[in-house]
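Report on the following structure.
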Amino acid sequence: MRKDNNYKDKSITRGRGISIVREVIDKYISRNSGGQSLITITSMVQADKSNHMTVGVSVLPDNKAEAVIDFLKRNATEIRDEIKDKTRMGMIPYLQFELDRGEKHRQEIFDII
């Protein structure tokens, strides 16, 4: 019986690609951020058939959040180049960074309860 070698499960491929990109971004942030704030990647969303990836980031302390987002947006091209150098991905996504306010809202609700 012949195996079909052309079959690829797209969800596994996309999930692995997202985890690789997340790892490279994590290493870049830890190496270049300066260490004045705690920066955590909370979500990564890539639309179907799109070359754009939105990266949700939480920042502690809260007063450093805008500076961190500005830092990440300024260095998005450099981060993308590092993904290109460190991985063998065929299509490198364009990165968009945004502040993830979901965790803060969860804490506020928890405090109310």
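General observations
- Of the residues making up region 46-58, just one is out of contact with any Asp or Glu (no Cβ under 9 Å at 6 or more places or on another chain) and buried (at least 18 other Cβ atoms within 10 Å of the Cβ), namely MET53.
- Selection from region 88-113 of residues that are in a loop (DSSP other than H, G, I, E, B), closer than 21 Å to LEU38 by Cα and out of contact with any Ser or Thr (no Cβ under 7 Å at 6 or more places or on another chain): ARG101
- Residues of region 30-87 that are part of a strand (DSSP E or B) and among the small types (Gly, Ala, Ser): SER43, GLY56, SER58.
- Checking each residue in region 87-100 for being farther than 24 Å from SER58 by Cβ and surrounded by 14 or more Cβ atoms within 10 Å (Cβ to Cβ) picks out THR87, MET89, ILE92.
- ASN63 modelled with pLDDT of 85 or more, out of contact with any strand residue (DSSP E or B) (no Cβ under 9 Å at 6 or more places or on another chain) and surrounded by 15 or more Cβ atoms within 10 Å (Cβ to Cβ): no
- Close pairs from region 92-111: first under 12 Å from VAL45 (Cβ atoms), partner modelled with pLDDT under 90 and of a type in the set (S, T, N, Q), Cβ under 7 Å, at least 6 apart: PRO93/GLN46; PRO93/ASN51
- Index of the failed condition, ILE69 passing every other in (1) in contact (Cβ under 8 Å) with a residue 40 or more places away in the chain; (2) surrounded by 14 or more Cβ atoms within 10 Å (Cβ to Cβ); (3) not polar (S, T, N, Q): (1)
- For region 65-110, a residue qualifies if it is basic (Lys, Arg) and either more than 14 Å from the chain's Cα centre (by Cα) or at positive phi (or both), and the qualifying residues are ARG74, LYS84, LYS86, ARG88, ARG101, LYS104, ARG106.
The values are calculated or read from the model by the stated rules, or taken from the named source; none is laboratory data. Being a predicted model, the structure only gives us computed values, none of them experimental. Backbone-built Cβ (ideal geometry, glycine too); neighbour counts: all protein chains shown.
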